[in-house]
Structures are given as C-alpha cells and as structure tokens.
Amino acid sequence: MDKVQSVRGTYDLYGAAKRKMKKVVYTGAEVVEKYGFEEIETPIFEFTEVFARNLGDTSDIVTKEMYCFEDKGGESLTLRPEGTAGVVRAFVSNGMQQNLPIKFYYSGPMFRYERPQKGRQRQFTQFGVELLGVDTPQADIEVIAMAYEFLEKLGLSGQVTVEINSLGDEESRNSYRTKLVEYLQEHYDELSEDSKNRLLKNPLRILDSKEECDKAVVENAPLYADSLNTTSQKFFADVLRGLDNLGIKYRVNNRLVRGLDYYSHTVFELTTDKLGAQGTVLAGGRYNGLVSQMGGGDIAGIGWACGVERLSMLLEEDVNLPRPIAVIPVGEDTNDKALEIAHQLRLAGFRVEHSYTGNMKKRMIKANKANAIQAVIIGSDELLNDTVTLKNLDSGEQKTVSQVNLIKELQ
Ligand code: ATP
Ligand code: MG
C-alpha cells in the first residue's frame, strides 16, 4: 500500500459530479414520495446468502461480481451488489406483512467487481423503489409511470426509451424455457463457454449475454411472446394499455429478460444511446417469487433501480446553486463586524461567502469566482457610520446602505 490512490473502479465524488448526483437523488425522492414511497436504509453488507440464494446462482452478479469477505467472527458477508434483496430481507426480518402494501425507496452505494469503464464502476450509487403486496397490473403501470416522471423531471425523458417485456408466470416461463433450450442445443457450438454452462442451469440468462457470439445466436431465438399463457398475456396487455392511457411511450422488446432470477411478468429498462455500452440507466421488474423464497409468504413485489452516476452523466448543465453574497472586510479592524454581518445574513437565509484573507482586490476576485451576486464591503468609514457599501457585481453599481437596512435591501 505505497500508492496514495483510490481502489480501481472507485471514485472520489465532488464538485459538479457530486452536485449532479445529489440532484438525481433529490429529484427521485421528491417524485416517489408523491406516490407514497418512504425511505428505507438497509445495511451496506448482508449475509452472503441473502444475495447468493436470491439473485440466482448463475447470475453475473453472484458468479463473478460480489465482494464477499469473512468477518472476524467467521461469518460470510457480502457488500450489497444491489438493493432489492436487502429491502426484501428487511421486510421479512421486521415482519412487515401486516401492513401491505409497503412502498420503499432507497439510495446508496452498491458494489460489484466488474471491469471499470465509463458508466461502470466497482462502487456505484443506485436509487431504487420497491412496492410489496400488490399483484395487479396497476402497480406495474404506476411504478413505470413514476420512473418516467422521474426522468422527465431531470429533463431526460426525451433521450430515453422505455423498453418493456413480459416473462409471464411460472407456467409460461417453463414452456418458453423448453423451447429455448431446444433451439440453443441446435446452436451449442456457437455459444460462449459461459453460456454452454448455463444452457441447462439457466438458459434464460443466455438471452442477456453480452458476448457477441451469444448475441448472434440469440438473434433468431424463439420469441417469449409466443410462450405466454392466457393469464400472462392478459396481464401484459393490461400493463401496456395502462401505459397508453397515461401517454407513456414504450417499445416492446422481446429480447429483454433482465439478469436476475427473481423476475416474472413485467420487466423493463430505460435506455439511452448516449452512454455507449452502458446505455441502461434504470431497470426493474416484477418479482412475485422473491418474498416467499426468503420465507416471507406469498407476497408480490415490483421495483426498479437506476444508476445515479449514469443519470448524472446525462445531465449536461451543472446544477445551479443560488448565487451567494460576498462579505468583504477591508482592514484588520473590520473583521469582527464582517463576520457578524455574514452571520446575520446566513440566519436570514442567504448563502454567504466570507473570504478569510487577502487585500480588497484579491477578495473581490474571489467573490467573482464564487459567482457572488452582491458584495457587502466594510471598511473603516463604514465601521464608523454603521453602514456597508453594497456593490452589485453584475452591473458594478454601488451604494451606501445602513447596516440595519441591509437585509431588507438584499431581499
Ligand atoms: P448492465 O447491463 O449495464 O451491467 P445490470 O443489468 O447489471 O446493468 P442492474 O442490476 O439492473 O444493472 O442495476 C440497475 C442500474 O444500475 C443499471 O441500469 C445501471 O444504470 C446501474 N448499474 C449497474 N451496474 C453498474 C456499475 N457497475 N456501475 C455503474 N452503474 C451500474
Ligand atoms: Mg451488470
């Protein structure tokens, strides 16, 4: 450890990048709270089982990407790679089954051992929602509408496509799986090694493969839509009709399966072509089997998560903070007064930049750099007369204002 640098795939976030991420999370919270979602914070690590058993033992996350470690007590723990398993674990551990539906949102760091590239980190941030206890299409519609409104509020809806598919219920999945395996076996030699291994364990996963050779085979695979039973078809049609009613545009993508085992019925992704191969900014779906898999009873669930870094990379403009007022003391003996005035202004709700050192000229440069809107200058004359000089930094105009009237003047 002789290098002073962060671990590969991790970043220090500050300045414009951090401001944008904060805006993404705040906007998300504001939107989903209108739909009755409340924030939950679960631990950043869980027993390894929580993820290993529930995300599927052939998923990329479980096979390659998890940060697992043994703690000093010999427990196998894992830094959370995603949010849903932890939230459902919390739902079950805290016996929340009595108060359905449950609507939670969360945000925070996730960890995956992946090859770092633009929009793909080893520590990244997700903002996500989970709705537990509703098994009707209305929940799917509302949850997708909420995602759409979120991106709209960020000014990104024009750059993003809603892609949607249905995996159907268990019966449909099984019937599709049979057809798919049959097809893939005919193309066995063309598949990647990973996919050969998955062929019997989890063939659906092959549809989600990022390997070029797999993609070529998948191109002509049987379509999911042809395997949906009547119930699943109706469910999907209801979801699409609901989206139509709300004016939400989408594209049915028959190849969309999502990488985790727990999905059923509706799956969706919001994608952009602006981030290269990392084009999925938000993804989710229905997970009706997950709660019971964790021993929490037969309770339906649906949710989504977005990549906060990916979304903030799409925000072109820096986030505008309110412009500050600069308080500028001229001469040693005015320091106390300047600090007192800065304090009063802050209590009155203004953002105040109070420069600590330097002559008047240096401090004016700093004030302009901070994009201050007005400078409040206090020299010895002002000190004597209980006034300040108020300078508009845009127009250059300046005037003398008595200290008691300063706040009123600035408002
Ligand atoms: P991808 O196909 O890009 O690997 P994924 O299917 O693994 O994505 P999810 O598990 O659905 O991703 O996570 C939801 C969202 O979180 C993604 O759509 C993406 O925006 C973001 N995300 C996932 N992995 C990373 C990562 N390593 N770095 C940054 N953002 C990520
Ligand atoms: Mg991934």
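The values are calculated or read from the model by the stated rules, or taken from the named source; none is laboratory data. Quick caveat: nothing in here was measured; it's all calculated off a predicted structure. A quick note on method: Cβ atoms are made from the backbone with ideal geometry, for glycine too, and the neighbour counts reach across all protein chains shown. Each accessible area value is taken on the protein alone, full model and side chains, heavy atoms only, with ligands, DNA and RNA left out. Shrake-Rupley method; radii C 1.70, N 1.55, O 1.52, S 1.80 Å.
When the strands (runs of 3 or more DSSP E) confined to segment 232-332 are screened for residues that are among the polar types (S, T, N, Q) and more than 18 Å from the chain's Cα centre (by Cα), those reaching at least 1 such residues are found at 264-271.
Step by step: first the residues of segment 130-169, then only those that are β-branched (Val, Ile, Thr) and in contact with a Lys or Arg (Cβ under 7 Å, 6 or more places away or on another chain), then the one that is nearest to Glu39 (Cα to Cα). Which residue is that?
Initially, segment 130-169 is screened for residues β-branched (Val, Ile, Thr), giving 134, 136, 141, 143-144, 160-162, 164.
From what is left, the residues that are in contact with a Lys or Arg (Cβ under 7 Å, 6 or more places away or on another chain) are 161-162.
On the way: Thr161: 27, Val162: 25 Å.
Going through the qualifying residues, I end up with Val162.
The residue that is nearest to Phe91 (Cα to Cα), counting only those in segment 302-351 that are open to solvent by less than 50 Å² (accessible area, probe 1.4 Å), among the hydrophobic types (A, V, I, L, M, F, W, C) and out of contact with any helix residue (DSSP H, G or I) (no Cβ under 8 Å at 6 or more places or on another chain), is Ala342. Reported count of residues in segment 128-168, each being touching a strand residue (DSSP E or B) at 6+ places or on another chain (Cβ under 9 Å), of a type in the set (A, V, I, L, M) and not in a helix (DSSP H, G or I), is 9. Taken together, Val92, Val134 contain a single residue that is more than 12 Å from ligand 1 (Cβ to nearest atom) and farther than 19 Å from Phe268 by Cα, which is Val92. Given the criteria crowded, with 16+ Cβ neighbours inside 10 Å, at pLDDT 95 or above and assigned to a helix (DSSP H, G or I), does Leu180 qualify? Criteria not met by Leu180. Among the conditions (1) at pLDDT 95 or above; (2) of a type in the set (Phe, Trp, Tyr); (3) outside any strand (DSSP E or B), the only one that Tyr356 does not satisfy is (1).
Scanning segment 254-281 for residues that are open to solvent by 30 Å² or more (accessible area, probe 1.4 Å) and either more than 23 Å from Leu180 (Cβ to Cβ) or not basic (Lys, Arg) (or both) yields Asn254, Asp261, Asp273, Lys274, Gly276, Ala277, Thr280. Among residues of segment 196-207 that are in the same structural domain as Ile61 (by TED's automatic domain parsing) and among the hydrophobic types (A, V, I, L, M, F, W, C), none has a Cβ under 6 angstrom from a residue that is open to solvent by 20 Å² or more (accessible area, probe 1.4 Å) and assigned to a helix (DSSP H, G or I) at a sequence gap of 6+ or on a separate chain. Among the residues of segment 65-80, is any among the hydroxyl-bearing types (Ser, Thr, Tyr), part of a strand (DSSP E or B), at pLDDT 95 or above and open to solvent by 30 Å² or more (accessible area, probe 1.4 Å)? Within segment 65-80, one or more residues are among the hydroxyl-bearing types (Ser, Thr, Tyr), part of a strand (DSSP E or B), at pLDDT 95 or above and open to solvent by 30 Å² or more (accessible area, probe 1.4 Å). Residue pairs whose Cβ atoms lie under 9 Å apart, separated by 6 or more positions or on different chains, with the first residue in segment 34-46 and in contact (Cβ under 8 Å) with a residue 60 or more places away in the chain and the second part of a loop (DSSP other than H, G, I, E, B), are Gly36/Pro101; Thr42/Arg80; Thr42/Gly83; Ile44/Arg80. Looking across segment 82-127, the residues that are part of a loop (DSSP other than H, G, I, E, B), touching a residue at least 60 places away in the same chain (Cβ under 8 Å) and within 17 Å of Val281 (Cβ to Cβ) come down to Glu82, Gly83, Glu114, Lys118, Gly119, Gln121. In this structure, does Thr48 turn out to be within 16 Å of ligand 2 (Cβ to nearest atom) and in the same structural domain as Leu131 (by TED's automatic domain parsing)? No; evaluated as a whole, the condition is false for this residue. Select from segment 95-131 the residues that are of a type in the set (A, V, I, L, M) and over 22 Å from Val267 (Cα atoms) and write down the one among them that is nearest to ligand 2 (Cβ to nearest atom). Per the criteria, the residue is Met96.
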